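Scroll down for the structure; my scribbles are underneath it.
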Amino acid sequence: MEGEVEAIRKGDSQAAVVLESWAGRVRRGDGVAGIAARLGDVVCPALTAYGLPSVHEAAGRVLASLADKREGRAAFLDPQHAAVLSAATSRDAPPQVRELISRCLHRSITMVADGTGIADHLEQAFSSGAVAVLFATIDDPEVAVACKAGETLAWLVAAGPGRARLAADDAAMQKLKDAIRAENEVSLRILDGLGEAGAHNREAFVFLRELGVLDSIANGVAKSTTDLLLLLNYLEVLELICRSPLGVEFCGTRPDLGDRIVRLAEQDVSAPVCGFALRFIGNFARHSAENAGYALRAGWYDVAVKHKAVDKGLESLAGLACRVPTLLRMLTTADFSAFTDAVAARDPTMQETGLHCLAQPFEAAAEPDADAAHREAAEQLFTDALLRTGYLKKAVSLRSHSITSVRLAALRLIAALASNSFTVNHLTSDQVLWDYILDPNIELDMMCKETKFGAIQKLVKYNALIKRPDKEIAELESLGRAGPWAVNRKLHAPNTEVAE
């Protein structure tokens, strides 16, 4: 290897050849440890020290290959390489080099080797200086470089030992706080990653609340701004963090949030901020009954109803209809008529929106965690919105619409209804619809075929409730086994039903 090292240090075209061979050997897993040992004194210097771009590029491929191997990643966490890596990520280094090293460090820190405890791995990452080197790039002018530091921060927050180690590192904590306050693209990406961590981990949520990150997010939503993109990003991060069971509790400590959302949603529906707020309301409420209950108390349901005649309002109501507290309000006030009115409209776009919105509460009622009260409310919606009004036939007939997206929306509704036992007998008693279900030759569009197949699989689950001859039940089960691209040997007559 010493001869190869000398060839690389000459910095000529032969150096590029040797480095390419090293990259290939690392990818094959041949001699990784030996090449990784020369990361600091040979490979990193070759990124910038010689005048040939081919040498720089080959050295970059060696580093990228090392980051893909366990032994190679260990080299990035070796204290003896910290100074070289720090120089390679300084502002004096070319942007492409800084980006490459930040990617390799991110990978080395966040990929824990099998058989290695995460606490031991993180101790090595911090004590070697690798974390400090990467965090120093969090304010790098190159967004791709800074974001790797932000992604690593979010990963550390999601990991229990990572949070403990962060909390003990004053410099890292200060870097995090400064980055969040910057209100730029990098800070928003960091907040998005932190929001994801807090949404799925109670301890991470508490950590972020105590750190003041949640208040930073809330302040971003609550304050007046003319930067619509910034506001949208803050709304999305707030909605994400509020997927945590602790999210509603936090919102309760910030009454200014509830009022701010109402003010945004009360604006003219043509205003972008109104659409942002309505989408936030629907997405916020659909996550849990607690979220939906908060939406009721905060007045968000009422402001969404004001816009029920337009697509943004309908989509917001669809999210609200996915949980029991707001679904019960909808049944009491008959606000569900907004969905059926859209289905009955002559405008195909409104029909499509209405079908998608009608499908969502039935999909939610079929989720594994839906309780008896949820299923009862959904059954009442089916009775009041579709059976008593006669809109069931109208809605499912749109499966024959000339526009593919409308057909797909109707099939989504059929599949959603088929997911619930209380609808099965009504769906399968209609002879025209039953013939359509058993005929795999009608739909030619891939998405429509797959959605229809999903409905068939759901009906098979409830085949004991279907009041049809055994032969027809067997045909349904056969279709459920055959897959979406099954074709009958004997073609059925084409469906001639045409939606208005």
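The values are calculated or read from the model by the stated rules, or taken from the named source; none is laboratory data. Remember, it's a predicted structure, so these values are computed and weren't measured experimentally. Note that each Cβ is placed from the backbone with ideal geometry, even for glycine, and that neighbours are counted across all protein chains shown. For accessibility, only protein heavy atoms count, side chains too; no ligands or nucleic acids. Shrake-Rupley method; radii C 1.70, N 1.55, O 1.52, S 1.80 Å.
Among the residues of the stretch 435-489 satisfying the criterion of being aromatic (Phe, Trp, Tyr) and surrounded by 18 or more Cβ atoms within 10 Å (Cβ to Cβ), which is nearest to Ser400 (Cα to Cα)?
Only one residue tops the list, namely Tyr436.
Could you please let me know if Val17 is part of a helix (DSSP H, G or I), open to solvent by 50 Å² or more (accessible area, probe 1.4 Å) and of a type outside the set (Asp, Glu)?
Numbers: part of a helix (DSSP H, G or I): yes; open to solvent by 50 Å² or more (accessible area, probe 1.4 Å): yes; of a type outside the set (Asp, Glu): yes.
For Val17, the condition - part of a helix (DSSP H, G or I), open to solvent by 50 Å² or more (accessible area, probe 1.4 Å) and of a type outside the set (Asp, Glu) - is met.
If Asn495 satisfies every condition in (1) modelled with pLDDT of 90 or more; (2) over 17 Å from Ala366 (Cβ atoms) but one, which is the exception?
(1)
Identify the residue in the stretch 259-289 that is charged (D, E, K, R) and under 21 Å from the mean Cα position of the chain (by Cα) and, among all such residues, is most open to solvent (accessible area, probe 1.4 Å).
Per the stated criteria, the residue is Arg279.
Only residues that are open to solvent by less than 70 Å² (accessible area, probe 1.4 Å) and within 21 Å of the chain's Cα centre (by Cα): list them for the stretch 149-183, please.
Scanning the stretch 149-183 gives Ala149, Gly150, Thr152, Leu153, Ala154, Trp155, Leu156, Val157, Ala158, Ala159.
For the stretch 216-244, enumerate the residues that are in contact (Cβ under 8 Å) with a residue 12 or more places away in the chain and over 17 Å from Phe280 (Cα atoms). Steps first, please.
Kept after step one, since they are in contact (Cβ under 8 Å) with a residue 12 or more places away in the chain, are these residues of the stretch 216-244: 216-218, 220-222, 228, 230-244.
Ser216 - this is the single residue of the stretch 216-244 that is in contact (Cβ under 8 Å) with a residue 12 or more places away in the chain and over 17 Å from Phe280 (Cα atoms).
So which residues in the stretch 225-252 are farther than 20 Å from His200 by Cα and not in a helix (DSSP H, G or I)?
Thr225, Thr226, Asp227
Determine whether the stretch 126-140 contains at least one residue that is open to solvent by 60 Å² or more (accessible area, probe 1.4 Å), farther than 25 Å from Pro94 by Cβ and among the aromatic types (Phe, Trp, Tyr). Lay out the reasoning, then the answer.
Our first condition is that a residue be open to solvent by 60 Å² or more (accessible area, probe 1.4 Å); within the stretch 126-140, this holds for 127, 132, 139.
Within this subset, residues satisfying the condition of being farther than 25 Å from Pro94 by Cβ are 127.
After this cut, where a residue has to be among the aromatic types (Phe, Trp, Tyr) as well, the list is none.
Scanning the stretch 126-140, I find no residue that is open to solvent by 60 Å² or more (accessible area, probe 1.4 Å), farther than 25 Å from Pro94 by Cβ and among the aromatic types (Phe, Trp, Tyr), so the answer is no.
Restricting to the stretch 378-388, give me the number of residues that are at pLDDT below 95 and either open to solvent by less than 10 Å² (accessible area, probe 1.4 Å) or within 21 Å of Gln431 (Cβ to Cβ) (or both).
Residues that pass the stated criteria total 3.
Report every pair of residues separated by at least 6 positions or lying on different chains whose Cβ atoms are under 6 Å apart, first residue within the stretch 420-439 and in contact (Cβ under 8 Å) with a residue 24 or more places away in the chain and over 15 Å from Leu387 (Cβ atoms), second in a helix (DSSP H, G or I) and of a type outside the set (Gly, Ala, Ser).
Trp434/Thr428; Leu438/Glu475
Write out, first by first residue and then by second, each pair whose Cβ atoms fall under 7 Å of each other, whose residues are 6+ apart or on separate chains, and whose first residue, in the stretch 106-128, is under 15 Å from Pro79 (Cβ atoms) while the second is at pLDDT 90 or above and not in a helix (DSSP H, G or I).
From residues that are under 15 Å from Pro79 (Cβ atoms), the pairs are Ser108/Ala67; Ser108/Leu77; Gln124/Leu77; Ala125/Leu77; Ser128/Leu77; Ser128/Asp78.
Determine which member of the set Ala342, Ala295, Ala304, Ala277 is in a helix (DSSP H, G or I) and closer than 23 Å to Lys393 by Cβ.
Exactly one of Ala342, Ala295, Ala304, Ala277 is in a helix (DSSP H, G or I) and closer than 23 Å to Lys393 by Cβ, namely Ala342.
For the stretch 61-77, does any single residue satisfy the condition of being more than 14 Å from Val42 (Cβ to Cβ) and of a type in the set (S, T, N, Q)?
Within the stretch 61-77, one or more residues are more than 14 Å from Val42 (Cβ to Cβ) and of a type in the set (S, T, N, Q).
Filter the stretch 306-356 for residues that are acidic (Asp, Glu) and touching a residue at least 40 places away in the same chain (Cβ under 8 Å); which is most open to solvent (accessible area, probe 1.4 Å)?
Among those residues, the one meeting the criterion is Glu315.
May I ask you to list pairs of residues, at least six apart or on different chains, whose Cβ atoms are under 7 Å apart, with the first in the stretch 441-452 being at negative phi and in a helix (DSSP H, G or I) and the second being among the aromatic types (Phe, Trp, Tyr) and loosely packed, with under 14 Cβ neighbours inside 10 Å?
The qualifying pairs are Lys449/Trp485.
Assuming Met447 fulfils every condition listed in (1) at pLDDT 90 or above; (2) touching a Lys or Arg at 6+ places or on another chain (Cβ under 6 Å); (3) not acidic (Asp, Glu) apart from one, which condition is it?
Going through the list (1) at pLDDT 90 or above; (2) touching a Lys or Arg at 6+ places or on another chain (Cβ under 6 Å); (3) not acidic (Asp, Glu), Met447 breaks only (2).
Among the residues of the stretch 179-209 satisfying the criterion of being β-branched (Val, Ile, Thr) and over 12 Å from Ala146 (Cβ atoms), which is modelled with the lowest pLDDT?
Initially, the stretch 179-209 is screened for residues β-branched (Val, Ile, Thr), giving 180, 186, 190, 206.
After this cut, where a residue has to be over 12 Å from Ala146 (Cβ atoms) as well, the list is 180, 206.
Working: Ile180: 82, Val206: 93.
For the stretch 179-209, the residue satisfying everything is Ile180.
Can you tell me which residue in the stretch 190-220 is nearest to His106 (Cα to Cα), limited to those that are of a type in the set (Val, Ile, Thr) and surrounded by 21 or more Cβ atoms within 10 Å (Cβ to Cβ)?
Ile190
Can you spot a residue in the stretch 278-285 that is polar (S, T, N, Q) and in contact with a Lys or Arg (Cβ under 7 Å, 6 or more places away or on another chain)?
Residues of the stretch 278-285 that are polar (S, T, N, Q), as a first pass: 283.
Add one more test, that the residue is in contact with a Lys or Arg (Cβ under 7 Å, 6 or more places away or on another chain), and what stays is none.
Within the stretch 278-285 (the criterion being polar (S, T, N, Q) and in contact with a Lys or Arg (Cβ under 7 Å, 6 or more places away or on another chain)), the answer is no, since none of the residues qualifies.
Quick check on the stretch 257-272: of everything there that is touching a Lys or Arg at 6+ places or on another chain (Cβ under 9 Å) and part of a helix (DSSP H, G or I), which residue is nearest to Gly313 (Cα to Cα)? Full working, then the answer.
Step one: list which residues in the stretch 257-272 are touching a Lys or Arg at 6+ places or on another chain (Cβ under 9 Å), which gives 258, 260, 265-266, 269.
From the residues that got through so far, the ones that are part of a helix (DSSP H, G or I) too are 258, 260, 265.
Numbers: Gly258: 18, Arg260: 17, Ala265: 10 Å.
Top of the filtered list is Ala265.
Where in the stretch 118-214 are the helices (runs of 4 or more DSSP H), entirely inside, with at least 3 residues that are farther than 27 Å from Leu238 by Cβ? Step through it out loud before you land on a result.
Details: elements: 118-127, 130-135, 143-158, 160-167, 170-181, 185-200, 202-211.
Fully inside the stretch 118-214 and qualifying: 118-127, 130-135.
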